[in-house]
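> Let me begin by handing over the structure; questions about it come next.
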Amino acid sequence: MNQSFLILLFLLVLGCTQSATVTKEDEEAMVKATDLGGRIKGFVIDPAKESLVKNLEFNNGYQLVYTFQDAGLFIHHAVSVRKSESAALIDQKANGFATEIAFKKTEPIKRNDLFSWGDESTFSLMKRKRDGALMGNMLIARKGNLSVFLMFVGIFFEDPESIRGLLEPKLKAAERLPEP
């Protein structure tokens, strides 16, 4: 089968979802505004601007999606727990492809020397094309049947210690999420 057909099939399956209750374990796996907002001087977190949903996907596992959007901070974090490693690999490739299309005004600078995780990962600094300013970080990764997409804009990290301190506890929590 060609790759385009597999991605289309995957997207069709994603359309067959059902909401589920978010658990404490689910929340622990997500990078949230409370994890980042305290690092931005004077930033006040408005809980009304965040959302965390859990979607059960027909015959493919489940996905957690956290979003936060305010004038000074944007976070999108998706964790997918799939029934197979190949499904997680499709997630990972689709996330990379979608990012290339959606963020034409930014240029990811791949910096796996700052952070890597799992079987495959790409950690990037996000740079604005128009002025070259660094504006955020992005992680696209997979470990077994788990795929992770994380992007935040409004704050960025170039220090490996800070990045590990933020991401490793969340990724360890994601690894403990129950199998579908």
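The values are calculated or read from the model by the stated rules, or taken from the named source; none is laboratory data. A quick note: this is a predicted structure, and the numbers were derived from the prediction, not measured. Cβ coordinates were reconstructed from backbone atoms using ideal geometry, including for glycine residues, and neighbour counts include every protein chain displayed.
> If you go through the range 93-108 one residue at a time, how many are surrounded by 15 or more Cβ atoms within 10 Å (Cβ to Cβ) and modelled with pLDDT of 80 or more?
2
> Looking at the range 53-86 only, could you name the residues that are touching a residue at least 60 places away in the same chain (Cβ under 8 Å), assigned to a strand (DSSP E or B) and in contact with a Gly (Cβ under 9 Å, 6 or more places away or on another chain)?
F74, I75, S80, V81, R82 - these are the residues of the range 53-86 that are touching a residue at least 60 places away in the same chain (Cβ under 8 Å), assigned to a strand (DSSP E or B) and in contact with a Gly (Cβ under 9 Å, 6 or more places away or on another chain).
> For the range 71-88, enumerate the residues that are closer than 14 Å to R142 by Cα and within 14 Å of the chain's Cα centre (by Cα).
H77, A78, V79, S80, V81, A88
> Right, next: Can we say L125 is buried (at least 17 other Cβ atoms within 10 Å of the Cβ) and within 28 Å of E179 (Cβ to Cβ)?
Here the answer is no, as L125 does not meet what is asked.
> Six or more apart or on different chains, Cβ under 6 Å: which pairs go from a residue in the range 36-52 that's under 20 Å from L150 (Cα atoms) to one that's modelled with pLDDT under 90 and of a type in the set (F, W, Y)? Could you list them?
G37/F43
> Have a look at R142, R130 and point out the one that is closer than 17 Å to Q92 by Cα, free of Cβ contacts under 8 Å to residues at least 60 places away in the same chain and of a type in the set (K, R).
That would be R142, the only listed residue that is closer than 17 Å to Q92 by Cα, free of Cβ contacts under 8 Å to residues at least 60 places away in the same chain and of a type in the set (K, R).
> Does the range 38-52 include one or more residues that are modelled with pLDDT of 90 or more, part of a strand (DSSP E or B) and surrounded by fewer than 15 Cβ atoms within 10 Å (Cβ to Cβ)?
yes
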